[in-house]
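Accompanying notes for the structure given below.
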Amino acid sequence: MPIILSYIIIVAGVLLCGLPLLAKKNIPAKAVDLVSTFGAAFLFAVCFLHLVPHVFEGAHDALSCLKPGIWVLVGFLIQLLLEILTRGVEHGHNHNQCCVESEEHHHHHVHPITGLLIGLSLHSFMEGMPLVTSGGQVQLGLLTGIVLHNIPIALVLVTLFVNNEYSTFKSYLLLLLFAVMTPLGSLANHFMLAPAGDFEQPVMGLVVGILLHVSISILFNHDVGKKSKLKFLLIVLAFVLAYFIPDCH
């Protein structure tokens, strides 16, 4: 797949989620929850079927496994820190009450969405860094996982923008800002890190740690009841689809 096409798919996927903005409608929480579950399961499977093998490629003993394993743990910790800003929106969580602009006593408080967007942008930037290999090939599994992962995030952002009465233009502008961060992360890795040396393995390790944290958090935050059966089927389907995604290596 051409690299530019992968970038277009990522950006278009986020912007299409903004269609409800035209009708100023909130997104049903149940729909976001189910899409988030499927995306998380797909990411989880992609990590172990496609990404983890390349992180530990060439490691033949415990000592050689130590360094890439450390990068995975560092990525896990980075995601923990990012959630201070994002408040779990990358998990498909919708925090409408804390993200609505307050006009109490005719005074505008600091808008939480600013920090949220900064955190999500950093998350997406790092997520996109290993999208294209040093050989110029697009990692289809990661690309598909990112697109699916971005859907619930974009839907939650749309709901927050509607609740805060943002204009359609401003809302789409902020969605576009979030959408382009993944391609920017990929380009930064290609032009800055890749020529400087062999950073492919550390970058992949960091992203695996980030994705594992996000996917595990979503999958373990499930309801017990009728919806759990549907979620189980979605998880199985995501695992199967991830298995059949071609590996660029």
Label-point separation in nm, T168 to D247, each point 7 Å along Cα→Cβ:
4.6 nm
If you stretched the chain out fully between L19 and V240, how much longer would it get, using 0.36 nm times the residue separation minus the C-alpha to C-alpha distance?
76.6 nm
Peptides 40-46, 147-153 ordered by average Cβ neighbours within 10 Å, highest first
40-46, 147-153
By how many nm would the segment from A31 to L230 lengthen if fully extended, with 0.36 nm per residue of separation less the alpha-carbon distance?
70.4 nm
L77-L49 pseudo-label distance in nm [points 7 Å out on the Cα-to-Cβ vector]
3.2 nm
Please compute the length gained on full extension between T114 and L5, using 0.36 nm multiplied by the number of residues separating them and subtracting their Cα-Cα distance.
36.3 nm
Straight-line reach check, K229, cutoff 19 Å on alpha carbons, 8 or more apart in-chain or any other chain, hits among lysines -> K30
Take I146, I235, I216 and sort them by solvent-accessible surface of the protein heavy atoms, 1.4 Å probe, largest at the top.
I216, I235, I146
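The values are calculated or read from the model by the stated rules, or taken from the named source; none is laboratory data. Everything numeric here is computed off the predicted structure, so don't read it as measured data. As a convention, Cβ positions derive from the backbone with ideal geometry for all residues, glycine included, and neighbour counts pool all protein chains shown. Side chains are part of the model used for accessible areas, which takes the heavy atoms of the whole protein and leaves out ligands, DNA and RNA. Shrake-Rupley method; radii C 1.70, N 1.55, O 1.52, S 1.80 Å.
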